[in-house]
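I have placed the structure first, in the form of structure tokens, so that the comments after it can refer back to it.
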């Protein structure tokens, strides 16, 4: 599964700060993410393949596959709302 | 290092009004000029009301003068400018209020004969962006506007929903003023309130849901737009004016603004106000023929457009940037200007600020 084109374009323009502060320079919106959300966003900016992203998260974080699956879906839905 | 003649200019700026819900842009323009390194010239504040704070703020303006209201006629205005010119020796005048731009265009040869330069659009350019003509003009060049209808009778609002005009609707005057009506009662009230001040007809627009995004810049009169700065409103006043905003870079907005400036061959400062809906479509709301009240954000972000205007008039190379920073926020606040009785008396009796006190 791949990140869809529209979301991918929006993700690429996001300015990510290590504090977890995220700014969208086109829409002027800002929001905050926790460390795992930030890691996910950074991966999503570089990598379109969601399976590879999940694989990397499983490697870097102490999280079960089931929890990760659920969190990634939820995170994606939240992102779509913020990047509208 | 500034050339001496730039640093020594005497500049007059109108729009010294600053009511918190809808401030003029004059004081922000003055602030942009005042903060230019090495600027040692004079800045003259021009206003229309004795309570315009910029007339009195000695840290910003070196002198303040009242102008006659536009309804007094253009010869009155010219006579007053002549008087002020004799006292102050103005090099450049920056008009900052929509309602005075047409008079300034009519008088620009006379004002130039006084030795005062201005950067103004032509009368045709100005009128094409009037509210009653903007819709047609924009659509002709492929820029979307909210669907609009001209209304002369308030009975329209009672059954407009059946004709596809669903609430909320935007009710606008042909020259100025607008409000959002949630139902027929509010629409009728707005219709009469606006018509009583600005006359008939009234314009009704479908409300576009989305983000308001604004752009300011300078048109060179040949179709090119310089020094653009884009801003998304973060908070607004009851009148819909920005109370906080953030610089953004929006290619869609820039493209639409460039299309407008190219078609108009706009000369001088402008503000383009657009709505961006959730599908990413842009709808033109307004083109203002002057700097916006948030112009200091442009200066703070590296594009001092009021100074660039002076550079254009003085035929100097422009110092504005092509790509300003994004993510710079402004948050407006209201401040009290303290005025001595001597200054208040002088402004009331003679229309000018006393030199002392």
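The values are calculated or read from the model by the stated rules, or taken from the named source; none is laboratory data. Worth saying up front: this structure is predicted, and the values here are computed from it rather than measured. Using ideal geometry, Cβ is built from the backbone for each residue, glycine included, and neighbour counts are taken over all protein chains shown.
Checking each residue in region A:11-44 for being assigned to a helix (DSSP H, G or I) and touching a residue at least 24 places away in the same chain (Cβ under 8 Å) picks out A:11, A:12, A:36, A:37, A:40, A:41, A:42, A:44. Among the residues here, residue B:348 does not qualify as touching a strand residue (DSSP E or B) at 6+ places or on another chain (Cβ under 7 Å) and in contact (Cβ under 8 Å) with a residue 12 or more places away in the chain.
The residue that is surrounded by the fewest Cβ atoms within 10 Å (Cβ to Cβ), counting only those in region B:332-357 that are under 19 Å from residue B:24 (Cβ atoms) and out of contact with any helix residue (DSSP H, G or I) (no Cβ under 9 Å at 6 or more places or on another chain), is B:333.
Say whether the condition of being without any contact (Cβ under 8 Å) to a residue 60 or more places away in the chain and in contact with a helix residue (DSSP H, G or I) (Cβ under 7 Å, 6 or more places away or on another chain) is met by at least one residue in region B:94-102. Explain how you work it out, then say what you get.
Pass one, region B:94-102, residues without any contact (Cβ under 8 Å) to a residue 60 or more places away in the chain: B:102.
Those still in the list that are in contact with a helix residue (DSSP H, G or I) (Cβ under 7 Å, 6 or more places away or on another chain) too: B:102.
Within region B:94-102 (the criterion being without any contact (Cβ under 8 Å) to a residue 60 or more places away in the chain and in contact with a helix residue (DSSP H, G or I) (Cβ under 7 Å, 6 or more places away or on another chain)), the answer is yes, since at least one residue qualifies.
So residue A:54 passes all but one of these: (1) surrounded by 18 or more Cβ atoms within 10 Å (Cβ to Cβ); (2) within 14 Å of chain B (Cβ to nearest Cβ); (3) more than 21 Å from residue B:325 (Cα to Cα). Which condition number does it fail? All conditions pass for residue A:54, except number (2). In summary, residue B:328 fulfils each of the numbered conditions (1) crowded, with 22+ Cβ neighbours inside 10 Å; (2) over 26 Å from residue B:47 (Cβ atoms) with the single exception of condition (1).
Checking each residue in region B:3-30 for being more than 13 Å from residue B:292 (Cα to Cα) and either in a helix (DSSP H, G or I) or more than 16 Å from the chain's Cα centre (by Cα) (or both) picks out B:3, B:4, B:5, B:6, B:7, B:8, B:9, B:10, B:11.
Among the residues of region B:235-250, those that are within 14 Å of chain A (Cβ to nearest Cβ) and surrounded by 17 or more Cβ atoms within 10 Å (Cβ to Cβ) comprise B:242, B:245, B:246, B:247, B:248, B:249, B:250.
The residues of region B:216-234 that are within 14 Å of another protein chain (Cβ to nearest Cβ) and over 17 Å from the mean Cα position of the chain (by Cα) amount to a single one, B:234.
Suppose we keep only residues that are in contact with a strand residue (DSSP E or B) (Cβ under 6 Å, 6 or more places away or on another chain) and assigned to a helix (DSSP H, G or I) within region B:83-124. Which one would you say is surrounded by the most Cβ atoms within 10 Å (Cβ to Cβ)? Top of the filtered list is B:84.
Applying the set (1) under 22 Å from residue B:295 (Cα atoms); (2) outside any strand (DSSP E or B) to residue B:78 leaves exactly one unmet item: (1). When region B:175-214 is limited to residues that are within 14 Å of chain A (Cβ to nearest Cβ) and either more than 21 Å from the chain's Cα centre (by Cα) or part of a loop (DSSP other than H, G, I, E, B) (or both), the one that is surrounded by the fewest Cβ atoms within 10 Å (Cβ to Cβ) turns out to be B:209. Looking at A:40, A:68, A:7, just one residue is surrounded by 13 or more Cβ atoms within 10 Å (Cβ to Cβ) and within 14 Å of chain B (Cβ to nearest Cβ), and that residue is A:7.
Residue B:330 falls short on exactly one of the conditions (1) within 24 Å of residue B:180 (Cβ to Cβ); (2) part of a strand (DSSP E or B); (3) within 14 Å of chain A (Cβ to nearest Cβ), and that condition is (1). Of the helices (runs of 4 or more DSSP H) entirely within region B:215-317, those holding at least 3 residues that are out of contact with any strand residue (DSSP E or B) (no Cβ under 7 Å at 6 or more places or on another chain) and modelled with pLDDT of 95 or more occupy B:251-264.
Please go through region B:125-134 and give me each residue that is surrounded by 13 or more Cβ atoms within 10 Å (Cβ to Cβ) and free of Cβ contacts under 8 Å to residues at least 40 places away in the same chain, ordered by number.
First pass over region B:125-134, keeping only residues surrounded by 13 or more Cβ atoms within 10 Å (Cβ to Cβ): B:125-132, B:134.
Answer for region B:125-134, where residues must be surrounded by 13 or more Cβ atoms within 10 Å (Cβ to Cβ) and free of Cβ contacts under 8 Å to residues at least 40 places away in the same chain: just B:127.
Is it the case, given these coordinates, that residue B:337 is away from chain A (no Cβ under 14 Å), under 24 Å from the mean Cα position of the chain (by Cα), closer than 30 Å to residue B:131 by Cβ and part of a loop (DSSP other than H, G, I, E, B)? Considered against the rule, which asks whether it is away from chain A (no Cβ under 14 Å), under 24 Å from the mean Cα position of the chain (by Cα), closer than 30 Å to residue B:131 by Cβ and part of a loop (DSSP other than H, G, I, E, B), residue B:337 comes out as no.
Residue B:288 satisfies every condition listed in (1) touching a helix residue (DSSP H, G or I) at 6+ places or on another chain (Cβ under 7 Å); (2) within 14 Å of another protein chain (Cβ to nearest Cβ) except (2).
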